Amino acid sequence: MSGLLLHGIGVGGGSAAGPVARMSAPPALPAPRPVGDPAAEAAAVRAALAEVEADLAERAGRASGAGAEVLSAQAMMAADPALADQAVGLVEQGTDGAHALTAAFDGFRDALLAAGGYFAERAADLDDLRDRSVARLPGLPVPGLPDPGHPYVLVADDLAPADTALLDPARVLALVTVRGGPTSHTAILAKALGLPAVVGCAPAADLTDGQQVLVRGADGTVEADPTAESVALAAEAERRRRERLAGIHGLGRTSDGHPVALLVNLGAAHELAGAAAADAEGVGLFRTEFLYLDRAEAPGQDEQAAAYRAVFDAFAGRRVVVRTLDAGADKPLPFATAADEENPALGIRGLRTAARDPQLLETQLAAIAEAAAGSTADVWVMAPMVSLPREAAEFAQRVRAHGLRQAGVMIEVPAAALRADRLAEVCDFFSLGTNDLAQYTFAADRTLGALAELLDPWQPALLELIATACHSAADRGRPIGVCGEAASDPALALVLVGLGVTSLSAAPGALPEVRAALRAHTLAECWELAELALFADDAAGAASAVRARIGER
């Protein structure tokens, strides 16, 4: 494998070189055995799940930000009584504990895969819970991080949140996984930690312990057995990158002064302090689903208003773009969505739920208006999953009826992008959800690794739809932002600005790289880069052409 350049999906900026340390494989499932005492076997199954839950909850307490959120969610999975009951039921039928747990987890895993979207992306988390639970039955070592006694590049088939969330960046130089995608928990947590990372790199399965590699997070490559010259050049580039980032703060601007608002995404209460402290101009995407998940009925107006007020107070004087409830598809709620939809990603989701239960949206808008009253935050409100001008007009009318001045819509389906000129006549701003827009444009489930190329935000067809929406927004003087994963890629951010995007919203850790990229280029250069990307044949060609042109300057 010496000298080979391995390709995957880059999800963390910067680069790092070092020796490989591979994640150990989980204990093999033991051979089936007869169950002599079903009651004792059932008790052992419940104890194993309880121990895993306690371990994950303890790790969540030691983590922060996205790591704490992910681990808490995993602990809740392990505590699900339906999971324990299913495993115990199999034990009572004569299946030993290890195989009963495996069958129960596999059943839940199949259900998540069938649900698609966010839930399918969490199937790998269940695999980790299964391995941890099965290992605890015979007292085998629980899967964990390697400890070679020196800094290393961690290579794994995939990484569990329980391990990723507590990585020590002083010891782990970079991450490489064989599986996974840009929205996997590994990717999310690697970005939060600021580690160079490449996921979905199938050839990495052949890397061996101790082998030297050079990981470049920006372009998604792993160089096996790099030359000393390659490592030195990468180290110098990384030094210059860190130096450049340390010296750039403040408003988003191109080098010739064209404004591009840099905002943060916010999706949970515990993220608020870190998001508010970030060097950002406000919140470009405030996901409100965290108030609705894991409950049997919707929160009332008072509860919602208190939660919104906390965000508005933390961002006093800054913009806060609130997305109304995005239920359905990968976020089903018992009080808002139907359980029998055959294809929920194409069903009653986002704003469409308001047609089924108008009061759900009315209560939320009333709560937002109550929280905004007396606040100095600049509160904007937008609806997800809008397809028709009529939907946009009705939503804007309802928003304004509550005294809220800025009403917008998310452009997540091709119909909205193609008819953005009509949408712009009735609403005040747009926000592009590039993850869903890519999924619907290419008819490709974003959880399928085999279709990762189609879901790449560099796809020229996707960029052309974005350009169409941007032109319509500009014609009507409407701001248009990007709040999907595309906004966190510095090179792609330049292309988006060249297409006409006026704001970029991403995780706080991604903003310094984006800010630095903007400050290094004029608006005219962004136009030129956008044209390069639009006329490429595919995503790889678009990204390489743009990065090559950036590198020439």
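The values are calculated or read from the model by the stated rules, or taken from the named source; none is laboratory data. Note that the structure is a prediction, hence the values are computed from the model and not measured. Glycine gets a Cβ as well: all are built from the backbone with ideal geometry, and neighbour counts include every protein chain shown. Please note that ligands, DNA and RNA were not included when accessible areas were found on the heavy atoms of the full protein model with its side chains. Shrake-Rupley method; radii C 1.70, N 1.55, O 1.52, S 1.80 Å.
Just a few scattered comments:
- Model label sites at A228 and A79, defined 7 Å from Cα along the beta-carbon direction, differ in position by 5.5 nm.
- The chain, accessible surface, carbon-and-sulfur percent (1.4 angstrom probe): 55 percent
- In the assembled protein chains, L233 presents an accessible area of approximately 110 Å² (probe radius 1.4 Å).
- Gain in span if fully extended, D37 to A103, counting 0.36 nm per residue against the direct Cα distance: 21.8 nm
- At q = 0.05, 0.13 Å⁻¹ the log10 of I(q)/I(0) for the chain amounts to -0.21, -1.39, computed by Debye summation with a single uniform scatterer per C-alpha, solvent ignored.
- Exposure of T102 as accessible area (Å², to 10), given a probe of 1.4 Å and all protein chains: 20 Å²
- Net +/- balance of residues flanking A39 in space, Cβ distance below 12 Å, scoring K and R +1, D and E -1: -2
- For the chain, the longest site-free run once GluC sites (Glu not before Pro) in DSSP loop states with at most 11 other Cβ atoms within 10 Å are removed: 1-296
- Under the Karplus curve 6.51 cos²θ - 1.76 cosθ + 1.60, θ = phi - 60°, whole-Hz ³J(HN,Hα) for segment 407-417, x wherever Gly or Pro sits: 10, x, 9, 8, 9, 10, 10, x, 4, 5, 5
- Theoretical FRET efficiency, 1/(1+(r/R0)^6), r = Cβ-Cβ of D168 and D110, R0 30 Å, to 0.05: 0.30
- Value of Rg to Rh for segment 205-265, rounded to two decimals, is 1.16; Kirkwood radius and Rg both from alpha-carbon coordinates.
- Rounded FRET efficiency, nearest 0.05, which uses the C-beta distance separating H150 from E243 and R0 of 25 Å: 0.45
- Placing a pseudo-label 7 Å from each Cα along the Cα-to-Cβ vector at D206 and D157 gives an inter-label distance of 1.9 nm.
- Annotation: amide H of T254 within the under-5 Å range of V260, sequence separation 5 or more or interchain, hydrogens built in the peptide plane.
- Positive contributions from Lys and Arg (+1) and negative ones from Asp and Glu (-1), summed over other residues with Cβ under 14 Å from the Cβ of R390, come out at +1.
- For G250, net neighbour charge (Lys/Arg +1, Asp/Glu -1) across residues whose Cβ lies under 11 Å away: +1
- Beta bridges from DSSP with both residues in the chain: antiparallel share about 30 percent, rounded to the nearest 5.
- Modelled label reach - A461, point 7 Å along Cα→Cβ, segment 390-427 residues with backbone N closer than 16 Å: 413-418
- About its Cα centre, the chain has a charge dipole of approximately 1460 debye under the convention of +1 per Lys or Arg Cβ and -1 per Asp or Glu Cβ, with nothing else charged.
- Theoretical FRET efficiency, 1/(1+(r/R0)^6), r = Cβ-Cβ of D475 and Q93, R0 56 Å, to 0.05: 0.25
- With all protein chains modelled, accessible area of L29 [1.4 Å, Å²]: 80 Å²
- Segment 255-314-segment 388-439 distance, computed between alpha-carbon centres (Å): 19 Å
- The tail of the calculated P(r) for segment 378-448, taken as Cα-Cα distances beyond 18 Å, holds 37 percent of the pairs.
- Theoretical gain in end-to-end length, I550 to A373 [0.36 nm per residue, Cα-Cα removed]: 59.2 nm
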